[in-house]
1. Out of the residues in the range 175-210 meeting the condition of being among the β-branched types (V, I, T) and either part of a helix (DSSP H, G or I) or farther than 24 Å from K76 by Cα (or both), tell me which one is modelled with the lowest pLDDT.
2. If you go through the range 211-218 one residue at a time, do you hit one that is surrounded by fewer than 24 Cβ atoms within 10 Å (Cβ to Cβ), β-branched (V, I, T) and at pLDDT 95 or above?
3. Can you pull out every residue in the range 1-24 that is assigned to a helix (DSSP H, G or I) and either in contact with a His (Cβ under 9 Å, 6 or more places away or on another chain) or over 14 Å from T64 (Cβ atoms) (or both)?
4. Among the residues of the range 253-274 satisfying the criterion of being modelled with pLDDT under 95 and of a type in the set (S, T, N, Q), which is surrounded by the fewest Cβ atoms within 10 Å (Cβ to Cβ)?
5. Please go through the range 124-159 and pick out each residue that is part of a helix (DSSP H, G or I) and aliphatic (A, V, I, L, M).
6. Could you list, in sequence order, the residues of the range 94-123 that are part of a loop (DSSP other than H, G, I, E, B) and touching a residue at least 60 places away in the same chain (Cβ under 8 Å)?
7. Check the range 32-42 and report whether any residue there is within 22 Å of the chain's Cα centre (by Cα), at pLDDT 75 or above and either outside any loop (DSSP other than H, G, I, E, B) or not basic (K, R) (or both).
8. For the range 51-71, check the following and say yes or no: at least one residue is surrounded by fewer than 21 Cβ atoms within 10 Å (Cβ to Cβ), among the hydroxyl-bearing types (S, T, Y) and on the phi < 0 side of the Ramachandran plot.
Amino acid sequence: MLILAKAMLALIIGLITSVIFGYFLIPLLKKLKAGQKVSVFLESKHKKKEGTPTMGGLIFIIPTLVSVIILLLFDKMSFSENLFIVLFVFVTYGILGFLDDFLIIRRHNNEGLTEIQKLFGQLFIALIFFFIFLKTGGQPALDIHTLGIKIDMGWFYGLFLLFILVAGSNAVNITDGLDGLAGGLSAIAFMTFGLIAWNADWVSGYEDIAIFCFILTGALLGFLAYNSYPAKVFMGDTGSLSLGATMASIAILTNHEITLIVVAGVFVIETLVCIIQIASMCLFHKKVFLMAPLHHHFEKLGYNENDIVKAFWVVGLLFSALALMFSIWI
């Protein structure tokens, strides 16, 4: 019962602080003319979204960070090396995304950081993560705790971690294309990882990582108050890069790297669709899908944006339920 009470309190704290923060931030973003430029490929359906403020990821990043710091100061959470790693990833990937969004706004087009610059930034942060991870006692092994399987991967584990962090970061970024889509799926995923982390008692600071997840879940729900259709603000790369990498870091720290594939199932599918589309265009000069990522394919088929988002949320919930059955119940 105490666990449930803590989880609900953390969620409520995140929800209230993000709703209040968003109320003041969105008018400021409008005043600063931090509007999103709509891609030419989506103008027919998304033209009315032109000028909607971006950088909305700040609505859940800052309240979550401030809430955690306040709880630490009042000894309601305990500071641990693993919690520091999660916060480091959460903030640094957010800063990288913020820089990309800032350049897009300043240049008044959709050209922020180049793909190479963004990838270099992601890899650089991931390398720092790996260094801290090893220094704080992390083991270079794939540990599937539920099945009692532990595979020592040696130096290859470093490459494995880099791939997970960068892939996770980009997967959420790719999925962030419809109002409320990435935000809702991320809320589901972090709620799931909160439950997983709370049961990962072999990990130092596991309860505090779980509380972080629940605060972030609440903050994402508060963000959805402004991001659900019709969106008053977009999370931008500020939010999407941070969410994906943070999700991946928690999976790594709790030895649930394989579970991440299931929890983030919709994000994985969206990414695979993009890879298939690009490969098909390069090799055969033909499209497999009307448009990639997958949510835009359904838009081209004539489905309503709200219906697509709700369907993807349901699929995300099913994936998370399967992940919980595997990682906790079984």
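The values are calculated or read from the model by the stated rules, or taken from the named source; none is laboratory data. Since we're looking at a predicted model, the values are computed, not measured. No Cβ is skipped: glycine too gets one built from the backbone with ideal geometry, and neighbour counts run over all protein chains shown.
1. Among residues in the range 175-210 that are among the β-branched types (V, I, T) and either part of a helix (DSSP H, G or I) or farther than 24 Å from K76 by Cα (or both), the one modelled with the lowest pLDDT is I196.
2. Residues of the range 211-218 surrounded by fewer than 24 Cβ atoms within 10 Å (Cβ to Cβ): none.
Checked the range 211-218: no residue is surrounded by fewer than 24 Cβ atoms within 10 Å (Cβ to Cβ), β-branched (V, I, T) and at pLDDT 95 or above.
3. The initial filter retains those residues of the range 1-24 that are assigned to a helix (DSSP H, G or I), namely 2-24.
Of everything in the range 1-24, those that are assigned to a helix (DSSP H, G or I) and either in contact with a His (Cβ under 9 Å, 6 or more places away or on another chain) or over 14 Å from T64 (Cβ atoms) (or both) turn out to be L2, I3, L4, A5, K6, A7, M8, L9, Y23, F24.
4. Taking the candidates together, the pick is N255.
5. I125, A126, L127, I128, I132, L134, L147, L159
6. The first filter runs over the range 94-123 and keeps only residues part of a loop (DSSP other than H, G, I, E, B), leaving 108-114.
Once the filter is applied, which keeps residues that are part of a loop (DSSP other than H, G, I, E, B) and touching a residue at least 60 places away in the same chain (Cβ under 8 Å), the range 94-123 yields H108, N109, N110, G112.
7. yes
8. Among the residues of the range 51-71, not one is surrounded by fewer than 21 Cβ atoms within 10 Å (Cβ to Cβ), among the hydroxyl-bearing types (S, T, Y) and on the phi < 0 side of the Ramachandran plot, which makes the answer no.
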